[in-house]
Amino acid sequence: MQVTDIGNKEEGKIWHRKPSLGKGVVVTVVRTVQQKTVRFLHLAFDTTGDSFLAGDHHGNIYIFDISRNRFRLVQKTGQACTALAFNLRRTTEFLVALADYSVKCFDKDTKEQVSWMRGHEGAVSSISVHSSGRYAITTSSDTAQLWDLDTFQRKRKLNIKQSVGIQKVYFLPLSNTILSCFSDDSIFAWESETLFCKYQLPVPGDGPRICYKAFAVTRDGKSLAAAGRSNLLHLWCLESKQLVKVIQMPAKVRTVRQLEFLPDSFDGGASQILGVLSQEGMMRFISIHTCKLLFHIGSHDDAITVVAISPNGRHVVAVMDNGSINVYSIQKVTQEANKPPPPQVTLVSGGEVDPYPSYLRVKVKSEVIQRPARTSGRRTQAKVLRPLYGSPADDKENELPGGLNKKRLVALLKAFGEYPAKYRMFVWRSLLCLPENHAAYSSLTDKGLHSAYLILHDKYPIKSHKLQRGLQRVLSALAHWAAIFGETEYLPLLTFPFVKLFQNNPLLCFEVVASVVVNWCQHWFEYFPNPPLNILSMAENVLAHHDKELLQHLVDCGITSQLYIWPLLETLFSEVLTRDEWLQLFDNVFSNHPAFLLMACVAYVTCCRAPLLLCSHKQDFEYFFHHRNNLDMGAMIKEAYRLMGSTPANIHPKAILSDFSPLTKGQYPVFNQYPASVVEYQSRERERIQQQEMEYLRERQALSELRADCVRREAEEEAYYVQQELLQQAEEQRRHVLAQEEEKLTQQRTKLAAMKRELKEKEIQLLDASRRRFLKHQLDLRASQIQKLDEEISRKMDLRGRETAAAIEDLEVRQMELEAQRKLFEQELLKEQEQMSREVQEEVEMRMQRAEREEEGYRTGLHNTEINLQALEESLAEACQLGLDADWQREVAERLEHVEMEQEVKRQRLAQLHRQTLAQEERLVNTMRSVEGRKWDEVMMARAQLQEQSQPLPSACTGVQRRITMRSPHSTRGLPSISTAVTTVNGAANTSPAQTGITVAATGPTVSVIPTATPRQTGTNMICLNSPSPSESISTSFPLDRGRAQLDSRERELMKDIRVLRQKLAARAREASSASSQSIQSLSPVFKS
């Protein structure tokens, strides 16, 4: 036995020398990594049976090709596998169930993952693939799922109660039936397409519960074997849905782990050998018909955990308890099982020296047996055993395989008349020297059934299907061995008794039949297809020599040897003898020369001499030689021996028939003792006839299909007309029914209309009441909402009033402040006016003195000087005004920036309050704006009037200019120089006061420059010149957006005050100008004087 360690190799040879097949083991495969054995877990064969997959607990998947002696690593999954399947429709793909509850599909050639199927919540224990390879069922303890292997999508899912677990769900071979087995021993069959429950096997009620764990189905899907926690096996017939047999295993078997049927090429899928793997690690192969143990593999020391059997029945692959893989050869295992038993007699040597210790022989001699004729009782005389000593050379010629001696066997046979039934098969195998060429026989059986015996059951119907298949198998092997056996019509009759006898060992059956044909059927086929006339003539010559009277009677009746010798030869006496008689006869046939068979035929005829002499018709003779007759088998055999010894040599069959020649070992001998041309002609004729039959069958099938088509069309046409008549009748009846129904419907509609009117009136009343109630509810709701709004408005008005009152108070305070500032400003103006008046007075005095000194000089140019002085005074006034405007604008801009910064801060704080109150205040603001607009129009009109009144001011500016020129230098600081003023006057001379936005007011000797704002600036940039500081002008804090109207009203009040102030200043300026003009007029005479 070879041991192959694959280690970390990815490919290589399985064995490196020719397997020795010790105990049937071809090779043992182990995997060792770093001196640690990696255990193999699961196995799976492909459809051909030449390759199998093996997965270890490291997640490596190997493929082993036995026919090519190669192995290869095809996938590394990284986790242990729980199930394998290698019989998919695409032969390069295989399924692997992994420990993470998923199932993956890989390609063994490309080593790529094809698909990943998930959905199980537990470990997948088995994978069953449909015979077509398109569907697969994965089974876990809680569910079973049906997958489509073309799309890898889940089609069905079987869910069960938690209390009932699933043992196994799988496809039946050659069908679309799914078999599901549960933990309560219930078994259901389902249709795979519709999942319709076809049947349920009855749960055995009597006896102990087995708790099914292991199941196996034959290849034809007709038988189911189930076992579990017991040594009992249940054999079910799935056709009758009945329990047909209960097989009890030995007492050592307590639990069955696995069941597997052993396939056979000639059993038609009805496997007869069942392998049973028990808890002790031994797998026993038993016959389910005879319930006998045939052979076993494994032992207590070398236990088996998982087994896989190839579909062709040649190999068994087992995972051992130590994690290795053993590959067994079925041929070698069965050969070991069929070895002969050890010898029952052993030689005991004593103290004396035996001259022939190893050649002790016993010769049986029997005295004459006296028995009355025609009696059933038999009395055997005592037999005297005498040792005979012969030469060693004679014994060597008689030595047989298995340690037997032919002469001893013949002596034993003559002494007892037959061999012991227990050792008969062993003795026959030794006498015939069967070579047991397994390889040659397998090559014949691999060719399948011969075409000549495909319909054997039609010509030779046999009740037992097993015998029928066995006979077909042996006949096909014979036909493949020699072509003539496919044309021999009587070969099934000749072979059948041996098939029935060796039904459990087809190899021995084939070799026994081949030995009989080669030795005892010599010269039978020379006259093929006619009976062997030469052999029949030899038998007739022997009969003529020993019983001329009987032969003459047969000749007189027209009976030839083809009627009384040939029926016995072509059936080998199986029609005229019982089983025991036939076995007794062939014990003697196989122990003698091949001519003994012809002598047995003649002996049978002579022993039946009396009834044959009474027959005179041909039908009687035919019936006689094809049915059993009363015959003393011992007398017939004795007569055959007598004929063998007393027949002259010239007519003795020994002269023509050769001695026994066993089959050659290794290959069977070539059999060509037949007319090849006749056989070939018959073969061609048979093929031609078969082709004609096939053509005839095709034509008949086409004709039957055509006839069926015509019948179908006639039936369809007849059915169509009948259907039309029925439809017309049904239509008339339906019309009548419809008329009645319409009348009833009219009445019902009338009633329904009345009911509808009543219901409508009630509905209107209800709707009216509901509407009034709803209106009342709406009025109440509106009233409550209005009340809430009123309350809200009143609350907001109160809040607004309080805010307005606070703003008014602030405005009053601000007004008071402005009034105080105004008064202070008036005081300052009065002070400045007094100062200016003093300065003007001083300047007048100085000018009067200067005028006195330069009276003459100025008189001539007085007129021009006065004109230029007036222009200069106007320019100086405008320049002064522009300087003041610039100062005031700069100060106003600074104050505006400061105010805008503070207002921006307040505006950000008040923006949120503004958004909340904007919607409610919108109407109020609009109203206030309309009022303010009217007031603003009045203000603008008043401003326009004020501007019209301020037009005489330029004349007053001349006097102001005169007074300004006489001011001291320190009093004119902040004003531009005279040259600048002159240049500015020319540019601003054509600009009116309204365009420049500056109003000049003069009161006495003082000048006040007040910037006026356009309507667009009044809301934002209006600053009162009387304000002491910017901080005081914005001391009041209130919301800008919400109090915009308040600011506008405040601005209007301020503008009103400014207008009043301007009017006062204008009046004062007019009074001052008039006073100055009067003073100048009063001084003019003085200058003249």
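The values are calculated or read from the model by the stated rules, or taken from the named source; none is laboratory data. On a predicted model such as this, the values are computed, not experimentally measured, just so you know. Glycine also receives a Cβ, built like all others from the backbone with ideal geometry; neighbour counts cover every protein chain displayed. Only protein heavy atoms, including side chains, enter the accessible area calculation; ligands, DNA and RNA are left aside. Shrake-Rupley method; radii C 1.70, N 1.55, O 1.52, S 1.80 Å.
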Exercise for review: Kindly indicate the residue of segment 513-544 that is of a type in the set (S, T, N, Q) and at pLDDT 85 or above and also farthest from G558 (Cα to Cα) among those meeting that condition.
Suggested key: S515
Review point. When you go through A80, A85, A97 one by one, which is the residue that is closer than 13 Å to I63 by Cα and of a type in the set (G, A, S)?
Key: A85
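Here's the yes/no breakdown for (1) modelled with pLDDT under 85; (2) of a type in the set (A, V, I, L, M, F, W, C):
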site	(1), (2)
P401	yes, no
L404	yes, yes
P420	no, no
F426	no, yes
P435	no, no
A440	no, yes
D458	yes, no
Revision key, fill the gap. Out of (1) aromatic (F, W, Y); (2) open to solvent by less than 30 Å² (accessible area, probe 1.4 Å); (3) not in a loop (DSSP other than H, G, I, E, B), the one Y623 does not meet is (2)
Revision key, fill the gap. Filtering segment 15-48 for residues that are under 31 Å from the mean Cα position of the chain (by Cα) and either of a type in the set (S, T, Y) or open to solvent by 40 Å² or more (accessible area, probe 1.4 Å) (or both) leaves a count of 5
Point to revise | Exclusive hit being open to solvent by 30 Å² or more (accessible area, probe 1.4 Å), part of a helix (DSSP H, G or I), over 22 Å from E1071 (Cβ atoms) and not hydrophobic (A, V, I, L, M, F, W, C), set E874, E834, E878, E842 | key: E878
Review point. Which of the residues that make up segment 422-434 are touching a residue at least 24 places away in the same chain (Cβ under 8 Å), part of a helix (DSSP H, G or I) and surrounded by fewer than 19 Cβ atoms within 10 Å (Cβ to Cβ)?
Key: Y423, R424, M425, F426
Exercise for review: Can you give me the number of residues within segment 438-493 that are of a type in the set (D, E, K, R), touching a helix residue (DSSP H, G or I) at 6+ places or on another chain (Cβ under 6 Å) and closer than 28 Å to S329 by Cα?
Suggested key: 2
Exercise for review: Taking G12 as the residue in question, decide whether it is open to solvent by 10 Å² or more (accessible area, probe 1.4 Å), at pLDDT below 85 and out of contact with any Leu (no Cβ under 9 Å at 6 or more places or on another chain).
Suggested key: no
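Here's the yes/no breakdown for (1) more than 16 Å from T138 (Cα to Cα); (2) modelled with pLDDT of 85 or more; (3) open to solvent by 40 Å² or more (accessible area, probe 1.4 Å):
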site: D150; (1), (2), (3): no, yes, yes
site: I166; (1), (2), (3): no, yes, no
site: F171; (1), (2), (3): no, yes, no
site: T194; (1), (2), (3): yes, no, yes
site: C197; (1), (2), (3): yes, yes, yes
site: P204; (1), (2), (3): yes, no, yes
Practice item. Sort out which residues of segment 232-251 are within 39 Å of the chain's Cα centre (by Cα), open to solvent by 50 Å² or more (accessible area, probe 1.4 Å) and not small (G, A, S), and write them in order of number. Key: E239, K241, Q242, L243
Practice item. May I ask you to list the residues in segment 521-540 that are in a helix (DSSP H, G or I) and either of a type in the set (A, V, I, L, M, F, W, C) or surrounded by 20 or more Cβ atoms within 10 Å (Cβ to Cβ) (or both)? Key: L533, I535, L536, M538, A539, E540
Check your understanding: Could you list, in sequence order, the residues of segment 585-619 that are open to solvent by less than 10 Å² (accessible area, probe 1.4 Å), closer than 14 Å to S515 by Cα and not in a helix (DSSP H, G or I)?
Key -> S591, P594
Revision key, fill the gap. Of those in segment 626-643 that are outside any helix (DSSP H, G or I) and surrounded by 15 or more Cβ atoms within 10 Å (Cβ to Cβ), the residue modelled with the highest pLDDT is D632
Study note, to complete from the structure: (1) open to solvent by less than 100 Å² (accessible area, probe 1.4 Å); (2) modelled with pLDDT under 85; (3) part of a helix (DSSP H, G or I) all hold for C710 apart from (2)
Check your understanding: For H553, are the conditions met, namely being more than 60 Å from the chain's Cα centre (by Cα) and at pLDDT 85 or above?
Key -> yes
Review point. Given segment 100-139, what strands (runs of 3 or more DSSP E) lie entirely inside it while holding 1 or more residues that are more than 15 Å from L84 (Cβ to Cβ)?
Key: 113-117, 135-139
Point to revise | Those residues of segment 492-509 which are in contact (Cβ under 8 Å) with a residue 60 or more places away in the chain and part of a loop (DSSP other than H, G, I, E, B), in sequence order | key: F502, N504, N505
Point to revise | Candidates S278, S265 - the one that is modelled with pLDDT of 90 or more, buried (at least 17 other Cβ atoms within 10 Å of the Cβ) and closer than 30 Å to I63 by Cα | key: S278
Study note, to complete from the structure: Taking segment 644-673 and keeping residues part of a loop (DSSP other than H, G, I, E, B) and either small (G, A, S) or open to solvent by 80 Å² or more (accessible area, probe 1.4 Å) (or both) leaves A649, N650, I656, S658, D659, S661, K665, G666, Q667, V670, N672, Q673
Revision key, fill the gap. Just one listed residue, out of R254, R219, R229, is open to solvent by 40 Å² or more (accessible area, probe 1.4 Å) and within 24 Å of S131 (Cα to Cα), and it is R219
Exercise for review: For A544, state whether it is over 25 Å from L294 (Cβ atoms), in contact with a helix residue (DSSP H, G or I) (Cβ under 8 Å, 6 or more places away or on another chain) and not polar (S, T, N, Q).
Suggested key: yes
